[in-house]
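Read the structure below first, then the notes.
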Amino acid sequence: MAQGYLHINILAVIITAIVTFGIGALWYSPLLFGKQWMAFNEVTAEKAAAMRKDSLRLYGTSFVCYLVMAAVFAVLLRITHIDRIVGGAKLGFMLWLGFVATVGLTGSLYSGRSFKAYALDAGYQLVFLVVMGVILMAWR
């Protein structure tokens, strides 16, 4: 019976990861919150340039993480028997509230990050988790 739970739409998982990556590219761009993110995290132009030199590793790791998240999310949708798009969005919100927002906040507190930096990242995570739920349910 457990094997049935792991039968997920791989194309939906890949598309979901690509969309999540795209949302992040927009969210952290100068068009939206890139300048604020740099200010909240005290990232100088020099540090940003150094980060860009390592961008292939950073982006690659992020994309793999989004693939894993989307695959696990798809499994959760299957085992919870959610069958509507709005249910996928709600599960995305619940995952964010119960796990992502809480772990992110405690991590930020102990690492000395500002609440503004946490809130900016948490907003992105909320958006992409809700979108993940919608996409995965639409392609189910």
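Return the sequence-ordered ³J(HN,Hα) values of the stretch 21-30 in whole Hz as given by the Karplus equation 6.51 cos²θ - 1.76 cosθ + 1.60 applied to θ = phi - 60°, using x for Gly and Pro.
4, x, 4, x, 4, 6, 4, 9, 7, x
Net charge near residue 73: determine it from the other residues with C-beta under 14 Å of the C-beta of residue 73, scoring Lys and Arg +1 and Asp and Glu -1. Please list the in-between numbers first.
Working: positive: 78, 90, 140; negative: none.
Neighbourhood net charge equals +3.
Which whole-number percent gives the relative contact order of the chain, counting Cα pairs below 8 Å spaced six or more residues apart? Present the calculation step by step, with values, prior to reporting the outcome.
Details: 120 pairs, mean separation 55.0, N = 140.
Once divided by the residue count of the chain, the mean separation gives 39 percent.
Taking the Cα centre of the chain as origin and charging only Cβ (+1 Lys, Arg; -1 Asp, Glu), how large is the dipole, in debye to the nearest 20? Mind dumping the intermediate values first?
Values: 11 positive and 5 negative charges, 13 e Å.
Value, rounded to 20: 60 debye.
For volume of the Cα convex hull per residue in Å³, the listed values are [x] 107; [y] 116; [z] 159; which was obtained by calculation from the structure presented?
The value computed from this structure is option [y].
Rounded to the nearest 500, what is the chain's calculated 222 nm mean residue ellipticity when only DSSP H runs of at least 4 contribute -39500 (n - 2.57) each, over all residues? Show your work: numbers first, answer last.
Values: 8 runs with 109 residues, N = 140.
Rounded to the nearest 500, it is -25000 deg cm²/dmol.
Could you work out the local net charge near residue 104, counting Lys and Arg as +1, Asp and Glu as -1, over the other residues with Cβ closer than 12 Å to its Cβ? Before the final figure, lay out the partial values.
On the way: positive: 113; negative: 121.
With Lys, Arg at +1 and Asp, Glu at -1, the net is 0.
What are the ³J(HN,Hα) couplings of the stretch 93-101, residue after residue, when phi is run through the Karplus curve with 6.51, -1.76, 1.60 and θ = phi - 60°? Round to Hz, x for glycine and proline.
5, 5, 4, 5, 5, x, 10, 5, 5
With a sphere of radius 15 Å drawn around the Cβ of residue 8, what net charge do the other residues whose Cβ falls strictly inside it have (Lys, Arg +1; Asp, Glu -1)? Walk me through the numbers on the way to the answer.
Working: positive: 78, 140; negative: 83.
For residues surrounding residue 8, the net value is +1.
Could you run the Karplus curve 6.51 cos²θ - 1.76 cosθ + 1.60 with θ = phi - 60° over the stretch 31-45 and give me ³J(HN,Hα) per residue in whole Hz, x for Gly and Pro?
Each residue of the stretch 31-45 in turn: 5, 10, 10, x, 5, 5, 4, 4, 5, 5, 9, 6, 8, 7, 4 Hz.
Every read-out reported here was derived from the displayed coordinates using simple, explicitly stated rules and does not represent laboratory data. Model, not experiment: these values are computed from the prediction. Backbone-built Cβ (ideal geometry, glycine too); neighbour counts: all protein chains shown.
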